[in-house]
Amino acid sequence: MSAITRPPSDSRLRRSPDIGQAPVGSDAEIRLAEIWESLPGWKGWLSTVDHKVIGLRYIVTAFVFLLIGGMEALIMRLQLAGPNLTLLTPEQYNQLFTMHGVTMIFLYALPILSGFSNYLWPLMLGSRDMTFPRLNALSYWIFLFAGIFMYASFPLGQAPNAGWFNYVPYSGPIYNTGPNIDVFALGMVLLGVSTTVGSVNFVVTLFKMRAPGMTINRVPILVWGTLTASVANLLVIPSVSLAFFLLWLDRQVGTHFFDVANGGKPLLWQHLFWIFGHPWVYAIVLPAMGIVSDALPTFCRRPLVGYAWVALATMATMLVGFEVWIHHMFATGLPAVALSIFGAASFVISIPSAVAVFAWIATIWLGTPVFKTPFLFFAGFVILFVIGGLSGVMTAAVPLDWQLNETYFIVAHLHYVLLGINVFPVVGGIYYWFPKFTGRMMDEKIGKWSFWVMFIGFNAGFFPMHLAGLLGMPRRIYTYSSRMGWDTVNLITSIGSFVFAIGVLIFLVNVAVSLRRGTRAGSNPWDAATLEWSVPSPPPAYNFAVIPHIASRHPLWEDRLNEGEGTGQSSLEKGYLLMEGRETIGTSPIDATPEIILKMPGDSATPFFVGLFLSLAFAGMLLHWWSFTGLMILSCIIALMVWMWPEKALAQRSPTDSSREAHV
Amino acid sequence: MSEARQLLDQPLPVGSEGKLAGGWWGIVALIVTEGSLFGYLLFSYFYLSSQAERHWPPEGLPSLLLPSINTAILIASSVFVWASEYCLARKRKRGSVVMMLVAIVLGALFVGIQLKEWSSKTYGMTSDLYGSLYFTITGFHMLHVVIGLVILLLLLAWISFRYFDEKRHAAITIGGIYWHFVDVVWLFVFTTLYLFPYM
Ligand code: HEM
């Protein structure tokens with residue numbers, strides 16, 4: 001870059017961006033690659049802020065947590081396969097179902113969706129990165145460390161054991177004296193930091209970073225889903241973080257928030273937890289529904305039916321979610337909220353959900369479906385969604401509620417919701433975007449096998465749980481007597497669970513095989529409509545050689561849909577070049593008119609260190625090493641200062657300032 | 001097509017310019033989430049106090065004189081932060097430095113007085129429920145003041161290094177709004193802990 005003469009001072013603050021083309025192999029393109037690519041080797045590995053790398057790391061890490069949680073589940077299913085088995089002690093069973101729930105809900109379900117969104121957002125929106133690339137790296141590192149943190153006491157047989165919603169007083173200092181709950185509490189506060197900075201990044205990216213012309217009504221549904229989830233997270237994560245922090249204070253410092261003997265109120269826990277828990281359930285399904293809304297149309301060869309309705313339904317769901325909590329607070333008294341969380345919520349939520357379901361069915365109906373593997377997963381998702389929805393409405397009906405609460409009916413319902421609405425779209429999404437991630441297609445034949453084995457195994461495993469619930473089998477019991485008549489359903493459930501696990505295994509084999517031997521994918525192997533398919537697979541470090549100009553919701557289908565009429569066609573080959581350092585365009589929140597040339601920060605290891613020091617500070621709190629904690633917090637602050645130090649190259653400082661480049 | 005092209009041909013600001021900067025949006029989002037945090041803290045206070053069986057606050061009504069003065073000091077420091085940016089925008093760098101310095105001194109004074117207020121309490125964090133609430137809430141706020149002061153110190157350093165001028169000083173705008181947030185939150189904390197018991 002030194003060969004280029006520095007532009008005069010004024011154009012460093014304001015300039016007309018060049019418009020042009022930069023086909024692969026041109027000088028401009030090569031220069032862009034140089035500007036954006038990370039260093040090779042471990043240095044680049046540690047300091048990269050490329051959203052694609054971070055997104056894939058998120059996906060892989062979260063998937064590993066899914067496998068860990070899955071193995072815990074299989075051990076539980078072995079224990080429950082027959083009556084009076086003694087594979088596990090009651091305490092071990094408690095720890096397993098708690099860690100299974102915690103892992104699935106907190107370490108798998110949202111992080112994997114953040115992974116998809118991190119990878120896909122800038123590509124879908126026509127940008128070169130997220131707004132805050134370094135924050136993005138930070139959020140990944142903290143997520144990773146928080147996950148490790150929460151598992152720290154597992155090998156010692158001291159894992160969290162009070163269920164994933166961790167009710168006091170059972171989780172309080174009197175009944176639970178080990179480190180179990182402290183690990184959970186501090187781990188959750190740490191994880192909250194990760195989720196929060198991630199959410200800030202998504203919200204600001206949506207409002208600032210869309211390609212010119214991508215007005216708010218042209219963004220893909222996945223973006224709506226993640227946006228809604230992120231806004232909700234910003235509002236409710238503090239609630240759960242606070243709850244866990246107060247609990248930790250009660251346990252380790254001796255405060256009295258939940259301490260009944262001294263005027264504290266266990267119900268405060270339930271308020272603070274469910275203010276968060278309710279929207280969270282939607283946060284882990286809405287982006288997954290977005291995956292389906294965006295990918296399903298590709299296989300139906302037509303646009304999604306009712307785009308605007310689905311987008312509105314997405315946001316309405318979250319609003320309803322907040323409202324349900326308020327309603328519960330005043331009308332039903334609190335314990336019921338907790339009990340029927342997955343129930344009553346599902347009832348109110350059924351209206352916006354029904355809108356989405358009809359949109360998907362209509363899309364399949366009016367389209368000409370192509371039965372590729374991803375389509376199977378998305379269609380399977382629609383079926384499971386309907387079953388899960390029905391059982392939800394059933395639990396929401398008051399008389400049935402009393403009958404079914406705290407039975408396996410709830411366990412069945414929540415797995416239909418979570419696996420159906422999260423796991424199936426996620427696996428389908430991996431099949432769909434795998435060519436974009438890696439440049440290779442996944443194998444179709446193994447793919448179909450993986451789908452059918454998963455689908456059959458899942459239904460064989462979880463449908464009978466409804467019956468177990470109707471037969472009165474309570475949840476969270478480590479064994480049962482054969483006089484109860486629950487033997488057969490449990491055996492079938494256990495067998496089904498293992499069949500499902502084999503399906504997941506087949507999927508993993510497919511990934512491994514396809515990574516090496518999959519057929520090469522072009523930029524748009526599925527002939528899809530959205531912007532991420534306009535760039536090569538895998539995408540270059542800079543994403544878009546020129547910033548595209550968007551004129552419709554389906555930029556790659558414009559020739560056949562005539563959608564661009566009146567507004568002009570989208571322009572993908574010609575656009576802003578922006579290559580004086582890492583640059584991209586910032587646009588206005590609603591109409592996406594260009595407003596500013598954004599300077600993007602380079603790779604940096606500071607996010608890694610901030611995350612590391614923060615996590616070590618939490619470890620210090622856990623171990624009561626107070627001076628170590630202090631030291632780590634100080635290191636964290638210093639790392640943050642280095643991170644935030646204004647740089648001339650980013651035009652954060654006056655270009656004419658006389659001081660020497662004080663680079664830290 | 002040509003219309004769209006014309007739209008694209010405008011000269012645009014480059015880099016971190018004021019409220020167009022990503023950082024501005026980021027801090028607003030952060031304030032929303034931090035604001036919620038204090039909302040939940042105060043919710044906990046009201047929830048627990050409304051169910052208290054004993055007299056509330058157990059130690060009787062808090063004295064108002066010192067905390068009121070302290071509140072005024074904190075608000076004043078916000079004004080000086082604002083003035084610092086105002087000076088910078090009018091090319092008065094020296095004035096900007098002085099204003100920032102005063103703001104920091106006032107902020108530090110707030111911390112000092114608050115520490116004194118803490119030590120004058122007859123109860124502690126663990127002595128009863130009220131003590132737990134009082135010290136946790138004011139402790140959280142104190143933490144934010146300290147972070148805010150570190151930010152102001154950094155801003156002071158950067159202004160005196162002449163990093164910023166009338167055109168480019170997004171960091172001041174961004175750091176400044178955080179400080180204002182910390183001060184506004186104090187008004188809520190003050191109202192809840194000190195004025196509310198009198199109502
Ligand atoms: C192979 C797949 C899976 C199997 C066999 C399985 C099995 C189980 C079993 C046996 C329980 C304990 C029920 C009890 O004793 O009350 C359970 C609880 C639970 N599972 Fe799964 N599960 C699987 C996948 C998932 C997934 C993917 C998620 C979430 C995304 C999930 C979320 C939960 C939750 C939240 C609980 C409740 C934990 C608690 O009671 O605190 N599970 N599961």
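The values are calculated or read from the model by the stated rules, or taken from the named source; none is laboratory data. All of these numbers come straight from a predicted model, not from anything done at the bench. Don't worry about glycine lacking a Cβ; one is built from the backbone with ideal geometry, like all the others, and counts go over all protein chains shown. The protein model used for the area step is the full one, side chains on, heavy atoms only, and it has no ligands, DNA or RNA in it. Shrake-Rupley method; radii C 1.70, N 1.55, O 1.52, S 1.80 Å.
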### Task
Of all alpha-carbon pairs in segment A:606-646, indicate the percentage at a distance above 15 angstrom.
35
### Query
What are the residues whose amide H is under 5 Å from the amide H of A:E647, where those residues sit 5 or more places off or on another chain and H is modelled from the backbone?
A:Q652, A:R653
## Note on the structure
With x for Gly and Pro, the residue-by-residue ³J(HN,Hα) of segment A:463-471, computed from phi through the Karplus equation 6.51 cos²θ - 1.76 cosθ + 1.60 at θ = phi - 60° and given in whole Hz, is 5, x, 4, 4, 4, 3, x, 5, 7
### Message
Rounded to the nearest percent, how much of the accessible area of chain A (1.4 Å probe, protein heavy atoms only) is carbon and sulfur?
### Response
69
## Note on the structure
Heavy-atom accessible area per residue of segment A:16-153, all protein chains kept, 1.4 Å probe, expressed in Å², is 33
### Query
Per residue, what accessible area does segment A:606-646 have, given a 1.4 Å probe and all protein chains present, in Å²?
49
### Task
Kindly write out, for segment A:438-443 in residue order, the coupling ³J(HN,Hα) from the Karplus curve 6.51 cos²θ - 1.76 cosθ + 1.60 (θ = phi - 60°), rounded to whole Hz, with x marking Gly and Pro.
10, x, 10, 7, 8, 5
### Task
Estimate for me the total accessible surface buried between chains B and A (protein heavy atoms, probe 1.4 Å, no ligands or nucleic acids), in Å² to the nearest 100.
5200
## Note on the structure
Over the protein assembly as shown, the sum of -39500 (n - 2.57) across DSSP H runs of at least four, divided by residue number and rounded to 500 deg cm²/dmol, gives at 222 nm -21500 deg cm²/dmol
### Summary
Share of Cα-Cα pairs in the protein assembly as shown beyond 44 Å, whole percent, is 31
### Task
Using amide H atoms built 1.01 Å from N in the peptide plane, name the residues 5+ places from A:R14, or on other chains, whose amide H lies under 5 Å from its own.
B:V14
### Average accessible surface area per residue within chain B, 1.4 Å rolling probe, Å²
43
### Task
Return the long-range amide H neighbours of A:E595 (sequence gap of 5 or more, or a different chain), with a cut-off of under 5 Å between placed amide H atoms.
A:G586, A:T587, A:S588
### Task
Count, for each residue of B:45-51, the Cβ atoms from other chains sitting within 10 Å of its Cβ, then give me the mean as a whole number.
3
### Query
From the cross-link list A:K208/A:K372; A:K208/B:K167; A:K52/A:K448; A:K648/B:K167; A:K436/B:K19; A:K574/A:K599, which pairs have alpha carbons spaced over 24 Å apart?
A:K208/A:K372; A:K52/A:K448; A:K436/B:K19
## Note on the structure
In Å, the Kirkwood estimate of hydrodynamic radius for chain B over Cα pairs equals 18.9
